[in-house]
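> Got a structure for you, questions after.
The values are calculated or read from the model by the stated rules, or taken from the named source; none is laboratory data. Keep in mind that this is a model prediction, so the values were computed, not measured. A quick note on method: Cβ atoms are made from the backbone with ideal geometry, for glycine too, and the neighbour counts reach across all protein chains shown. Note: areas computed on protein heavy atoms with side chains; ligands, DNA, RNA excluded. Shrake-Rupley method; radii C 1.70, N 1.55, O 1.52, S 1.80 Å.
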Amino acid sequence: NEVIRLSGIGKSYYIGKEEVPVLTHIDLSIREGEFVSIMGPSGAGKSTLMNILGCLDRPTRGSYLLDGKEVANLNDSELAYTRNRKIGFVFQSFNLLPRLSALDNVILPMIYGSLFKKERKERAVKMLESVGLGDRINHMPAEMSGGQRQRVAIARALINDPAIIMADEPTGNLDSHSTREVMEIFSKLYEQGKTIILVTHEIDVAAYAGRHVILSDGHISKDIRGPLP
Ligand code: ADP
Ligand code: ADP
């Protein structure tokens, strides 16, 4: 089952009238349940590609089918639904709201859903427990370590049960111990059947994925299935 198909995707930025191509021509198909790393040198276009995959940014040209639907044809509410329900985002800098507790950060994405307040809370507690933070639910982000904050962010990303997880350098601010904890959560999610797309420049982190897409100069230079050589 194909969940993502990019065909001839290009993305340029314009500085005045000058075109700055960032992605030149991307063809990429990702099947349900794949765990894909995206690697490449700084400036290769990894974040740009991630933003397009996450429907956070639009390509300049080409076609993006998500679950068989052309993303360019989605209206604003369909796009919002996609970003809130189909995809869970994890970022390098966690992006937690600093004035909300771990619990309230995880509850937040459910506010547009149909659950009652009590059910939302129970579900968020359960999710925090599942990432090993059952004893931290009332902590504020500033009171937690980087690894703990990232696990809160993962719980938040998972709370609406998205089929796809997109993570952009999720271990970029973590020490090796927290990196391992976070990557073991991703491994479990993979075993549960989630589709995972992970941008990283760390080989040890990419090694958790089963497929490795290498970007250079705005195109895919390698697409490796199986372990990294
Ligand atoms: P990576 O994540 O691989 O480091 P990015 O996707 O962040 O690469 O950036 C790729 C290129 O696009 C870089 O040269 C960057 O300077 C340029 N770029 C990114 N965002 C913008 C923007 N909003 N306007 C102009 N250029 C941009
Ligand atoms: P359900 O709600 O279907 O009964 P679970 O309670 O097992 O299933 O899981 C609820 C959610 O928690 C699911 O979206 C699942 O992906 C997520 N989840 C389960 N285990 C973990 C884990 N170890 N780390 C992160 N998320 C998890």
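> Treating each Cα of segment 63-129 as an identical point scatterer and ignoring solvent, apply the Debye formula and state log10 I(q)/I(0) at q = 0.13, 0.22, 0.26, 0.29 Å⁻¹.
Taking Cα atoms of segment 63-129 as identical point scatterers yields -0.49, -1.02, -1.17, -1.29.
> Follow-up question, since we're still on this one. Calculate, for segment 182-226, the solvent-accessible area per residue in square angstrom, rolling a 1.4 angstrom probe over the heavy atoms of the protein chains.
47
> In what sequence, largest accessible area first, do Met127, Met39 appear using a 1.4 Å probe?
Output order, biggest surface exposure first: Met127, Met39.
> Among DSSP beta bridges lying fully in the chain, give the percent that are antiparallel, nearest 5.
Restricted to the chain, the bridges split so that about 55 percent are antiparallel.
> Could you work out the per residue convex hull volume over the alpha carbons of segment 95-216, in cubic angstrom?
114
> Skip the ligands, DNA and RNA, and give the accessible area per residue of segment 1-77 with a 1.4 Å probe, whole Å².
50
> Using the structure shown, list the pairs from Lys11/Lys126; Lys69/Lys118; Lys17/Lys86; Lys17/Lys69; Lys46/Lys69 with a Cα-Cα distance above 28 Å, or answer none.
Among Lys11/Lys126; Lys69/Lys118; Lys17/Lys86; Lys17/Lys69; Lys46/Lys69, the Cα-Cα distance tops 28 Å for Lys11/Lys126; Lys69/Lys118; Lys17/Lys86; Lys17/Lys69.
> Students sometimes get this wrong: rank Asp57, Asp161 by accessible area, probe 1.4 Å, all chains present, largest first.
Result, largest first: Asp161, Asp57.
> What full-extension length gain, to one decimal in nm, is calculated for Ile224 and His177 as 0.36 nm per residue of separation minus the Cα-Cα distance?
Gain on extension, Ile224 to His177, equals 14.2 nm.
> Taking the highest mean first, how do the peptides 23-32, 82-91 order by number of other beta carbon atoms within 10 angstrom per residue?
82-91, 23-32
> With runs of 4+ DSSP H residues as the only contributors, calculate the mean residue ellipticity of the chain at 222 nm using -39,500 (n - 2.57) per run, divided by the residue total and rounded to the nearest 500.
-8500 deg cm²/dmol
> So if I restrict to the alpha-carbon atoms in segment 1-143, what is the Rg, and what is Dmax, the biggest pairwise distance, in Å?
Both quantities, over Cα of segment 1-143: 18.3, 54 Å.
> Sticking with this one: Debye sum, Cα scatterers, segment 6-70, no solvent: what log₁₀ I/I(0) at q = 0.12, 0.13, 0.22 1/Å?
Each listed q maps to, in turn, -0.32, -0.37, -1.00.
> How large a share of the accessible area of the chain, in percent, is made up of carbon and sulfur atoms when the probe is 1.4 Å and the other protein chains stay in place?
50
> Another question, if that's okay. Give me the accessible area per residue for segment 86-129, probe 1.4 Å, as a whole number in Å².
Accessible surface, normalised per residue, equals 63 Å².
> Could you order Lys69, Lys17 by accessible surface area, starting with the largest, using a probe radius of 1.4 Å?
Lys17, Lys69
> About the Cα centre of segment 127-229, how large is the charge dipole given +1 on each Lys and Arg Cβ and -1 on each Asp and Glu Cβ? Please answer in debye to the nearest 20.
Approximately 220 debye in magnitude.
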